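Notes to accompany the following structure.
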Amino acid sequence: MRTREFAGTPVGAVGLGCMGMSWAYTESERDDAASVALIREALDLGVTFLDTAQPYGDGHNETLVGRALAGRRDEAVVATKTGLVVESAATGKIVRRGTPEHARASAEDSLRRLGTDVIDLYYLHRVDPDVALADTWGAMAELVAEGKVRRLGLSEVSVAQASEAHAIHPVAAVQSELSLWTRDATGAHGGSAGALPGDASGGQGPGDVVGWCAANGAAFVPFSPLGRGFLTGTVTSAEFEDTDFRGGNPRFQQDALKANLRIVDVVKAVAERHGATPAQVAIAWTLAQGEHVIPIPGTKKRRYLRDNAGAAGLDLTGADLAELDGVPAPVGGRY
């Protein structure tokens, strides 16, 4: 697989989001043994940039990743996060917690679950509006000084927040949603409204975070580059399991979903020209947003892992990108 640089380290140009192996999507298909095998195959394919977090299954996902990396830890760059806490496993309620004490304690918990002595990339999952960003970020920087964390990152922040943190300690990566139907992080608008409550953008958009990362030597890490599976063309019905996050998502309600298939039609047309899959085109579009961009599509299925990894070798033309840039705005907010 082609590689890209993360903080001076080559990693696979396409990474792996591990969340869905434990939580949020079609939980009846959860299979820990299969997920361990998938992560190990990912390493074999050159997919070495792995993403997890404590809330994904209330610790389950970190434990799963740690199990998969036993004996192969040095082959992966592992990212996990602090700042969100599962308040109720029964209801799935998650709250923000950005206190310095929590940042330190959750790092220790993550190290234990991952079975490692250092976290390669430690993100602030969401900024806590009740705690000064400088306080949270300062505590995270202390973990770097102590050797428990190598690099720090931010998730779903504005340019202003990234700049504030960067002035205190270098921001190595910013993770935000980016795909053909969610482009807020490029400074664009149009149908992707619906930020999580408490986000500092106040509905005005975060600014060009992708550009900020390029200018400041940080990686930009798109999550959900496949639009939560929609851009693959395999989601044509609004029927989901009760525990599937998409069942309550505005874009996946039947009328919105039907309207949004216009986006998929364009992706399919480009894919057909290249002899590729819609998933590969959608991921390749994110890769084309800059050499510092490292998307992390998630999957529980090994055939999709191979498909996603193949996107690293797909070169879209200028005409392809213009056509994809012109897809209709999505119907429905992202949350």
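Report the residue count in the range 208-267 for those that are under 21 Å from Thr52 (Cβ atoms), surrounded by 17 or more Cβ atoms within 10 Å (Cβ to Cβ) and of a type in the set (S, T, N, Q).
The total comes to 1.
Under the condition of being β-branched (Val, Ile, Thr) and farther than 21 Å from Gly275 by Cα, which residue from the range 286-318 is surrounded by the fewest Cβ atoms within 10 Å (Cβ to Cβ)?
Val293
Might you let me know whether the range 113-122 holds any residue that is closer than 30 Å to Leu43 by Cα and modelled with pLDDT under 95?
First pass over the range 113-122, keeping only residues closer than 30 Å to Leu43 by Cα: 113-122.
Checking which are modelled with pLDDT under 95 leaves us with none.
Looking through the range 113-122, none of the residues is closer than 30 Å to Leu43 by Cα and modelled with pLDDT under 95.
Restricting attention to the range 267-276, does a residue exist that is within 21 Å of the chain's Cα centre (by Cα) and of a type outside the set (A, V, I, L, M, F, W, C)? If you could, list the steps in order and put the result at the bottom.
Taking the range 267-276 as the starting set, the residues that turn out to be within 21 Å of the chain's Cα centre (by Cα) are 267.
From what is left, the residues that are of a type outside the set (A, V, I, L, M, F, W, C) are none.
Checking the range 267-276: not a single residue is within 21 Å of the chain's Cα centre (by Cα) and of a type outside the set (A, V, I, L, M, F, W, C).
Of all residues in the range 233-248, count the ones that are in a helix (DSSP H, G or I) and touching a residue at least 60 places away in the same chain (Cβ under 8 Å).
Adding up the residues that qualify gives 2.
Kindly indicate which of Glu108, Glu156, Glu142 is modelled with pLDDT of 95 or more and more than 25 Å from Leu16 (Cα to Cα).
It is Glu142.
Out of all the residues in the range 30-59, which are out of contact with any helix residue (DSSP H, G or I) (no Cβ under 7 Å at 6 or more places or on another chain), under 26 Å from Val85 (Cβ atoms) and of a type in the set (Asp, Glu)?
Of everything in the range 30-59, those that are out of contact with any helix residue (DSSP H, G or I) (no Cβ under 7 Å at 6 or more places or on another chain), under 26 Å from Val85 (Cβ atoms) and of a type in the set (Asp, Glu) turn out to be Asp51, Asp58.
Considering the range 160-210 alone, what residues qualify as being under 17 Å from Asp325 (Cβ atoms), of a type in the set (Ser, Thr, Tyr) and either touching a Cys at 6+ places or on another chain (Cβ under 9 Å) or modelled with pLDDT of 85 or more (or both)?
Ser179, Thr182, Thr186
Test Ala276 against the stated conditions and say whether it is touching a helix residue (DSSP H, G or I) at 6+ places or on another chain (Cβ under 7 Å) and within 18 Å of Ala13 (Cβ to Cβ).
No; evaluated as a whole, the condition is false for this residue.
Name the one entry in Val85, Val95, Val118, Val36 that is surrounded by fewer than 22 Cβ atoms within 10 Å (Cβ to Cβ), free of Cβ contacts under 8 Å to residues at least 12 places away in the same chain and either among the β-branched types (Val, Ile, Thr) or under 22 Å from Ser224 (Cα atoms) (or both).
Sole residue among the options that is surrounded by fewer than 22 Cβ atoms within 10 Å (Cβ to Cβ), free of Cβ contacts under 8 Å to residues at least 12 places away in the same chain and either among the β-branched types (Val, Ile, Thr) or under 22 Å from Ser224 (Cα atoms) (or both): Val95.
Among the residues of the range 125-173, count how many are outside any helix (DSSP H, G or I) and either crowded, with 20+ Cβ neighbours inside 10 Å or within 23 Å of the chain's Cα centre (by Cα) (or both).
Going through the range 125-173 one residue at a time, the tally reaches 21.
Scan the range 17-34 and give yes if some residue there is among the acidic types (Asp, Glu), modelled with pLDDT of 95 or more, within 30 Å of Asn216 (Cβ to Cβ) and out of contact with any strand residue (DSSP E or B) (no Cβ under 6 Å at 6 or more places or on another chain), otherwise no.
No, the range 17-34 contains no residue that is among the acidic types (Asp, Glu), modelled with pLDDT of 95 or more, within 30 Å of Asn216 (Cβ to Cβ) and out of contact with any strand residue (DSSP E or B) (no Cβ under 6 Å at 6 or more places or on another chain).
Select from the range 249-292 the residues that are in a loop (DSSP other than H, G, I, E, B) and hydrophobic (A, V, I, L, M, F, W, C) and write down the one among them that is nearest to Leu314 (Cα to Cα).
Taking the candidates together, the pick is Ala276.
The values are calculated or read from the model by the stated rules, or taken from the named source; none is laboratory data. Just so it is clear, the structure is predicted and the values come from calculations on it, not from any experiment. Heads up, the Cβs are rebuilt from the backbone with ideal geometry, glycines too, and the neighbour counts pull from every protein chain shown.
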